[in-house]
Amino acid sequence: MHNPESLHPPGALSRRGALECMTWAGTGLLWSLGGGLPRALALPRALAAEGSPAPFTFLQISDSHVGFNKPANPDASGTLREAVAQIRQLPEKPAFIIHTGDISHLSKDQEFDDADQILRDTGVPLFFVPGEHDLLDDEQGRSYRDRFGRGTRGAGWYSFDQQGVHFIGLVNVVDLKAGGLGNLGADQLEWLERDVAGLSSSTPVVVFAHIPLWTVYPEWGWGTQDGARVLACLRRFGSVTVLNGHIHQIIQKVEGSVTFHTARSTAFPQPAPGTAPSPGPMKVPAGALRTLLGITRVNVIRGSEPLAIIDTPLAG
Amino acid sequence: MSTPHPLPRRSPRWLAAAVTVPILTLATGQGALASERTGTDPAIIRIDNFTFGPETLTVAPGTTVTWVNGDDIPHTVVAQNKLFRSKTLDTDDRYSFTFETAGEYAYFCSLHPHMTGKVVVTKPTD
């Protein structure tokens with residue numbers, strides 16, 4: 001633990017504040033317990049009585065592009081099925097899955113149906129945010145929201161809490177401006193400010209959206225115009241993890257208490273920034289494709305920063 | 001992202017015919033800017049490698065301009081002044097719009113907004 005603010009949040013003398021400190025400290029003890037120090041049992045037990053969050057794992061999956069059938073991967077449904085099979089074989093079942101968008105390739109009903117059916121086989125709850133490929137129906141996203149975004153706000157943003165971690169799903173693929181990047185818009189940003197206003201700074205926060213919230217490569221549109229406002233809003237938190245898709249490759253960055261991570265696609269790889277004439281699908285030898293597709297596991301261990309992020313390719 | 005100004009009008013007129021044939025070639029290359037056309041040429045804007053080519057196309061009033069998507073990724077063609085908006089264009093899909101009135105029409109891809117282009121509608125000066 002290296003963030004003093006999370007150890008001593010404002011109002012740390014309150015009972016709630018003290019418990020939060022104990023929660024952060026508790027993980028250390030949990031590890032000690034694993035090291036064979038039985039006396040340490042007392043604190044985790046006490047915390048358990050207060051409903052202490054246990055370590056847990058969730059999973060990120062992205063850019064399944066169901067319906068894509070071009071040379072870079074003639075069978076995007078097949079590789080999604082392989083990813084789901086891999087998830088089912090995990091020794092530890094994830095608590096849930098976050099899909100960071102581009103579920104479908106062209107927002108066709110059949111594509112959404114197929115994706116839904118394949119993803120259901122994981123047997124765990126799924127949370128979605130849309131990619132730009134999911135809002136191509138005539139009503140610009142109605143189909144997505146009816147299927148995957150029920151109960152969300154605006155174009156599909158929302159938040160939820162799981163085991164003491166605050167999760168925020170944002171939409172940055174709507175109302176894009178000519179010459180610009182991804183866009184969140186004033187309504188969503190105001191909602192975000194209200195959403196986190198009541199949270200203690202020691203609450204671990206996970207933010208997920210389709211297009212990277214930080215600027216990866218503006219020449220290809222890989223960034224979010226007003227993404228900095230999200231980060232400003234979350235700066236006070238001791239542990240912030242930002243999960244994105246869109247660019248079909250792993251890029252990571254750590255900035256203070258914020259860890260940025262983009263996931264692989266389950267459909268096709270895209271070139272590293274600036275290494276090709278365009279960000280279009282990258283054709284690779286058939287044997288190499290599955291080494292460039294994959295899923296991402298995130299282990300949430302309270303007090304361990306940043307969250308442990310493990311990317312696993314479909315093969316290789 | 002800035003869009004380049006259309007190149008000064010190229011004359012004489014016969015050059016236009018010479019330029020017409022290579023439009024498709026020009027479209028895929030870097031630096032395809034303005035191109036001159038005659039009233040009867042098909043006005044085609046190619047979408048290749050996340051780029052509109054030519055990035056600026058100059059046509060006479062009444063010309064129908066057709067965009068053709070050559071990418072493996074869908075794109076759209078959306079006027080910044082909302083005058084026209086294509087459906088999603090998958091690979092090899094086309095969209096046409098007829099420009100009746102002189103003016104400059106900036107447009108972009110609503111999925112990849114860093115992709116921008118311009119159609120300049122102007123009466124022939126001869």
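Points to keep in mind about this one:
- Under 11 Å, Cβ to Cβ, from residue B:116 - net charge with Lys/Arg +1 and Asp/Glu -1: +1
- Distance from the C-alpha centroid of segment A:264-295 to that of segment A:82-153: 21 Å, rounded to the whole angstrom.
- Net charge of Cβ neighbours under 14 Å - reference residue A:245; Lys, Arg +1; Asp, Glu -1: -4
- Estimated distance in nm for a label pair at residue A:108 and residue B:93, the labels positioned 7 Å out from Cα along Cα-to-Cβ: 1.0 nm
- Net charge of neighbours whose Cβ lies under 15 Å from the Cβ of residue A:156, counting Lys and Arg as +1 and Asp and Glu as -1: -4
Every number here is computed from the coordinates shown, using simple stated rules; none is lab data. Every value quoted in this text rests on a predicted model; they were computed, and no experiment measured them. Every residue, glycine as well, gets a Cβ built from its backbone with ideal geometry; the counts of neighbours run over all protein chains shown.
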